[in-house]
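K.L.:
Below is one structure. I have some questions about it.
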Amino acid sequence: MSSKIKIPDAHGHFGPYGGMFVPETLMTPLNELTEEYERAKRDPAFRKELAYYLNEYVGRPTPLYYAARMSEALGTAKIYLKREDLCHTGAHKINNCIGQALLARRMKKNRLIAETGAGQHGVATATVAAMFGMECTVYMGKVDMERQALNVFRMERLGATVAPVTAGQQTLKEAISEAMRDWVTNVRSTHYILGSVLGSHPYPMMVRDFQSVIGREARKQCLKKEGRLPDRLIACVGGGSNAMGLFYAFVDDRDVEMIGVEAGGRGIRGGEHAARFAGGRLGVLQGTKTYVLQDKDGQIQLTHSVSAGLDYAAIGPEHALLRDLKRATYAHVSDKEAVKAVNALCAWEGILPALESAHAVAYVMKQAKTWKKDDIVIINLSGRGDKDVMQIAEWERQQKAGN
Ligand SMILES: Cc1ncc(COP(=O)(O)O)c(C=O)c1O
């Protein structure tokens, strides 16, 4: 796939995936957003402003850290961590929020709305809203509000209204539906900051572009430190924005293997996981055509993951294309392996990763024995784990009790 400039096409198709599967009322705002984004991308003033906030506010570039003790313990590769956990607010999500908030300002929209699962995207949206003096409402499933209570507290402190969503499974999917309903009603004053490479065009393209700073930096940093490109990139995949952010700058570097890691939850059985490529098939969910976990009648299946940020029934459409083209491969790890990886990274490197990011770490722990000693591997450490400590404690308590 050497033509990444042309992907997606003008209607947001990534090969057979993507598109704009939305109600008529959303077509006008989505087309306006696409046009404004295309204009902004070509505007040197916008690019300069984006770079300013990424450097001065988010704290970019984030380090590419050589994990010496982890590499030594596994004994089969040089492992680097791309430290997105060191971004302001503690995850990669803010890279996209800064970009979209600047777009909202160009469109003279003073209210931001967002959905959130793990709460990191909600916190990042509330943060940029405070920084730019904008109003903010974040939709969050009630189940996620309970398991990510720290982030609810942070959003409220930052001045956002956190709107609990009690429909369905009360997680990310229902939060997205609520945010879309709000957007339809308030579109003149409101911009919807979608938090991953999901939903209708232009979001999968736009979020990827705003996150692609991760891979551009990592590529440069690896060349500087090692004098060559890495052999392998590993990232967890919820909707897929941190993974696309890392992968995109390497898409044309055919020798660089790219591996996305989904949530295997309690095992690949209906309702017990969120590994769309392991248990899903082609379908449409919330604006985009992609791999979706669904039953034989096309009803969306329940999902499960110990990490709220990976707990979603669809995967970003560009990942589906990369997989078809055999340019990226996808694996899954279980809840248990992810929690084990949190503890291992703490012990090896003094770094507490988010449960989401721990899926990528767990994959490396499992696969490292098949690699060569001088292989260079980059893990995208998408976020820090402070938000997850109560969830991990509860998970370990349940394991001990045999549940
Ligand atoms: C730290 C962290 N990593 C990863 C994800 C998954 O999202 P994505 O696949 O879009 O990177 C989330 C989502 O909330 C997150 O908070």
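K.L.:
Antiparallel as a % of all DSSP beta bridges within the chain, to the nearest 5?
P.N.:
Around 35 percent of the beta bridges assigned by DSSP in the chain are antiparallel ones.
K.L.:
Right, here's the next one. Taking N as the number of residues in segment 22-101, what value does Rg over Cα atoms divided by 2.2 N^0.38 Å take?
P.N.:
Ratio of Cα Rg to 2.2 N^0.38 Å: 1.59.
K.L.:
Next question, about the same structure. Write down the radius of gyration of segment 315-403 and its Dmax, each obtained from C-alpha positions, in Å.
P.N.:
Every Cα atom of segment 315-403 included, Rg and Dmax give 15.0, 45 Å.
K.L.:
Whenever you get a sec, compute what percent of the accessible area on segment 136-209 sits on carbon and sulfur atoms (1.4 Å probe). Don't skip to the answer; put the middle values down first.
P.N.:
On the way: 1430 of 2690 Å².
Answer for segment 136-209 is 53 percent, counting heavy atoms of protein chains only.
K.L.:
Still on this structure, please answer the following. Cα atoms only, the chain: Rg and Dmax in Å?
P.N.:
19.4, 58
K.L.:
Right, here's the next one. Students often get this wrong, so check it: of LYS93/LYS225; LYS224/LYS372; LYS372/LYS400, which have C-alpha atoms separated by over 28 Å?
P.N.:
Where the Cα-Cα span goes over 28 Å, the pairs concerned are LYS372/LYS400.
K.L.:
Express in nm, to one decimal, how much length is gained between LYS296 and LYS220 on full extension, taking 0.36 nm for each residue of separation and deducting their alpha carbon distance.
P.N.:
Extending this stretch completely gives an extra 22.8 nm.
K.L.:
Next question. Run the numbers on segment 176-291 and let me know its relative contact order in percent, using alpha-carbon pairs under 8 Å that are six or more apart.
P.N.:
Relative contact order for segment 176-291 comes out at 23 percent.
K.L.:
Out of the total accessible area of segment 248-403 (probe 1.4 Å, heavy atoms of protein only), what percent is carbon and sulfur?
P.N.:
49
K.L.:
Here's another thing I want to ask about it. What relative contact order, as a whole-number percentage, does the chain give when Cα pairs under 8 Å and 6 or more residues apart are counted?
P.N.:
Values: 879 pairs, mean separation 81.6, N = 403.
Relative contact order comes out at 20 percent.
K.L.:
Now, a different point. Can you give the charge dipole size of the chain about its Cα centre, rounded to the nearest 20 debye, using +1 on the beta carbon of Lys and Arg and -1 on the beta carbon of Asp and Glu?
P.N.:
760
K.L.:
For LYS340 and SER189, FRET efficiency with R0 = 45 Å and r from the beta-carbon atoms, rounded to 0.05? Let's see the in-between values first.
P.N.:
Working: r = 47 Å, r/R0 = 1.04.
My answer for the efficiency is 0.45.
K.L.:
Now a separate question. When the accessible area of segment 44-88 is computed with all protein chains present and a 1.4 Å probe, what percentage of it is carbon and sulfur?
P.N.:
In segment 44-88, the share of accessible area belonging to carbon and sulfur is 54 percent.
K.L.:
Which value, to two decimals, describes the C-alpha radius of gyration of segment 267-368 once divided by 2.2 N^0.38 Å?
P.N.:
In units of the globular-protein estimate, segment 267-368 measures up at 1.15.
K.L.:
A follow-up question, please. Let me have the relative contact order for segment 269-323, percent, based on Cα pairs under 8 Å that are six or more residues apart. All intermediate terms of the calculation are to be shown ahead of the outcome.
P.N.:
Working: 88 pairs, mean separation 19.7, N = 55.
It rounds to 36 percent for segment 269-323.
K.L.:
Given the options ASP144, ASP297, ASP252, state which has the largest fluctuation in a GNM of the chain using a 10 Å cut-off (strictly under) for Cα springs.
P.N.:
ASP297
K.L.:
Starting from the Kirkwood Rh over alpha-carbon pairs, what translational D in µm² s⁻¹ does segment 107-245 have by Stokes-Einstein at 20 °C and 1.002 mPa s?
P.N.:
Here the translational diffusion coefficient equals 134 µm²/s.
K.L.:
Mind giving me the nanometre distance, one decimal, between the label points for VAL389 and ALA45, set 7 Å out from Cα along Cα→Cβ?
P.N.:
4.5
K.L.:
Among PRO164, PRO353, PRO202, which one moves the most in a GNM of the chain with springs linking Cα atoms closer than 10 Å?
P.N.:
PRO164
K.L.:
Roughly how large, in nm² to one decimal, is the mean projection of the convex hull of the alpha-carbon atoms in segment 78-127?
P.N.:
If I average the Cα hull's projected area over directions, I get 4.1 nm².
K.L.:
If Lys and Arg each add +1 and Asp and Glu each add -1, what is the summed charge of the other residues whose beta carbon sits under 9 Å from the beta carbon of ALA163?
P.N.:
Taking every other residue near ALA163 into account, the sum is -2.
K.L.:
Related question: Rolling a 1.4 Å sphere over the protein heavy atoms, what is the accessible area per residue of the chain, to the nearest Å²? The partial results should precede the final answer.
P.N.:
Working: 15720 Å² over 403 residues.
The answer is 39 Å² per residue.
K.L.:
When only DSSP loop residues count, what trypsin sites (Lys or Arg not before Pro) in segment 306-403 have their Cβ near at most 15 other Cβ atoms within 10 Å?
P.N.:
LYS326, LYS372, LYS373
The values are calculated or read from the model by the stated rules, or taken from the named source; none is laboratory data. Every value quoted in this text rests on a predicted model; they were computed, and no experiment measured them. All Cβ positions, glycine included, derive from the backbone under ideal geometry; neighbour counts span all protein chains shown. Each accessible area value is taken on the protein alone, full model and side chains, heavy atoms only, with ligands, DNA and RNA left out. Shrake-Rupley method; radii C 1.70, N 1.55, O 1.52, S 1.80 Å.
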